[in-house]
Amino acid sequence: YTTLFRSVYHAEGLYEHTDKTVILTAQNKKQGIRLQEAIKQADPHAFVLITNTSEVIGKGFRGGN
């Protein structure tokens, strides 16, 4: 993932109070599909939320410093 921008957070699941890892990433569609496949192999029960966006602004993105 050469253009993978991500933040990794450590969290606690509210239902079972277990440790969780949250990854926030912005990718193009092709990279997203590859990431979904990798997640499915690593943890078939992982919770994945995917959303489309029209613009990302910030360091490393269009309009960012």
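The values are calculated or read from the model by the stated rules, or taken from the named source; none is laboratory data. Computed from a predicted structure; not experimentally measured. Every residue, glycine among them, receives a Cβ derived from its backbone with ideal geometry; neighbour counts consider all protein chains shown. These accessible areas exclude ligands, DNA and RNA; they are computed on the full protein's heavy atoms, side chains included. Shrake-Rupley method; radii C 1.70, N 1.55, O 1.52, S 1.80 Å.
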- [ ] Spot the failing condition for Val56; the list is (1) among the aliphatic types (A, V, I, L, M); (2) at pLDDT 85 or above; (3) part of a loop (DSSP other than H, G, I, E, B), and only one is missed.
- [x] (2)
TODO: Out of the residues in the stretch 1-23 that are part of a loop (DSSP other than H, G, I, E, B), at pLDDT below 90 and open to solvent by 80 Å² or more (accessible area, probe 1.4 Å), state the one that is farthest from Asp43 (Cα to Cα).
DONE: Thr2
- [ ] Could you grab me the full set of residues in the stretch 24-46 that are in contact with a strand residue (DSSP E or B) (Cβ under 9 Å, 6 or more places away or on another chain) and either part of a loop (DSSP other than H, G, I, E, B) or among the charged types (D, E, K, R) (or both)?
- [x] Gln27
